[in-house]
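Accompanying notes for the structure given below.
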Amino acid sequence: MYQDWEELEEVCKNCRKCRLCTNRTNVVFGTGNRNAEIMFIGEGPGADEDAQGIPFVGKAGKLMNMAFEGVGIKREEVYIANIVKCRPPGNRNPEDDEAEACMDYLRNQVMLVKPKKIVLLGSVALKNILGKEYGITATRGKKIEKKGIIYLPTWHPAALLRDESKKIDFWNDLKSI
Ligand code: URA
Ligand code: SF4
């Protein structure tokens, strides 16, 4: 574990621990308030995130920003990261070994931020953080406490683009945090 953000970020930017390093343009380290009370964890970078090196800047991110505005969350007040920091080709889900290879970095980020609450965006975040036995449909909107952190699983913002009816759940979940 690194005690220092700059050191951790430097190691991530040069990481070649899994095959996702081969196709990336940028490592998407994470962004926001490093002392945030609330942390958001997504799945992995898409094309826009890979191009810019910043999480949630594409279509799904814009929708998430709108939801943040709607419920009074300031993007710069929270910390945002992903399960994997390099873009899976064609936006496929990260493989288990890729998520595992990348998890130490995310754990290190959580250790440094010390958030009170973590919002898990979608199934990939939920299963990799809380365990494979959890399903997003059954657990979304339910707060789960583990080792002093409150986890809130909710829909991935990209799911809202496919199914408008999920927006209301997403808004309500964000409001409840
Ligand atoms: N989807 C994610 O899971 N993460 C991002 O950063 C962008 C889209
Ligand atoms: Fe390293 Fe994570 Fe990128 Fe894999 S996805 S190369 S583990 S930073």
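The values are calculated or read from the model by the stated rules, or taken from the named source; none is laboratory data. Note that the structure is predicted; figures quoted are calculated from it, not measured. Neighbour counts are summed over all protein chains in view; Cβ atoms, including those assigned to glycine, are modelled from backbone coordinates with ideal geometry.
Miscellaneous remarks
- Qualifying residue in region 56-65 (condition: at negative phi, within 12 Å of ligand 2 (Cβ to nearest atom) and either among the aliphatic types (A, V, I, L, M) or buried (at least 22 other Cβ atoms within 10 Å of the Cβ) (or both)): no
- Residues of region 141-165 that are surrounded by 15 or more Cβ atoms within 10 Å (Cβ to Cβ) and of a type outside the set (A, V, I, L, M): Tyr151, Pro153, Thr154, Trp155, His156, Pro157.
- Residue match in region 66-73 (condition: farther than 15 Å from Ile177 by Cα and either within 10 Å of ligand 1 (Cβ to nearest atom) or part of a loop (DSSP other than H, G, I, E, B) (or both)): no
- Condition met for Gly30 (over 23 Å from Leu112 (Cβ atoms), within 11 Å of ligand 1 (Cβ to nearest atom), at pLDDT 95 or above and buried (at least 18 other Cβ atoms within 10 Å of the Cβ)): no
- Filtering Arg24, Arg87 for residues that are part of a loop (DSSP other than H, G, I, E, B), of a type in the set (Lys, Arg) and touching a Cys at 6+ places or on another chain (Cβ under 8 Å) leaves a single hit, Arg24.
- Taking the numbered list (1) away from ligand 2 (no atom under 12 Å from the Cβ); (2) touching a Phe, Trp or Tyr at 6+ places or on another chain (Cβ under 8 Å); (3) among the charged types (D, E, K, R) in turn, Glu76 passes all entries but (2).
- Candidates in region 37-52 are the residues that are within 14 Å of the chain's Cα centre (by Cα) and assigned to a loop (DSSP other than H, G, I, E, B); of these, the one that is surrounded by the most Cβ atoms within 10 Å (Cβ to Cβ) is Pro45.
- Here Asp48 clears all of (1) within 20 Å of Ile129 (Cα to Cα); (2) within 16 Å of ligand 1 (Cβ to nearest atom) except the condition numbered (1).
- Answer from Ala158, Ala138 - the residue that is in contact (Cβ under 8 Å) with a residue 12 or more places away in the chain and of a type in the set (Gly, Ala, Ser): Ala158
- Pairs linking a residue in region 79-103 that is more than 21 Å from Gly61 (Cβ to Cβ) to a residue that is more than 9 Å from ligand 2 (Cβ to nearest atom) and polar (S, T, N, Q), with Cβ atoms under 8 Å and 6 or more positions apart or on different chains, are Met103/Asn128.
- For region 92-105, the set of residues classified as in a helix (DSSP H, G or I) and within 9 Å of ligand 2 (Cβ to nearest atom) consists of Glu98, Ala99, Glu100, Ala101, Cys102, Met103, Asp104, Tyr105, listed by residue number.
- Filter pass, Ala67 being under 14 Å from the mean Cα position of the chain (by Cα), under 19 Å from Leu120 (Cβ atoms) and not aromatic (Phe, Trp, Tyr): no
- Long-range neighbours under 8 Å by Cβ, at least six apart or interchain, first residue at pLDDT 95 or above within region 48-61, second buried (at least 21 other Cβ atoms within 10 Å of the Cβ) and among the basic types (Lys, Arg): Glu49/Arg87; Asp50/Arg87
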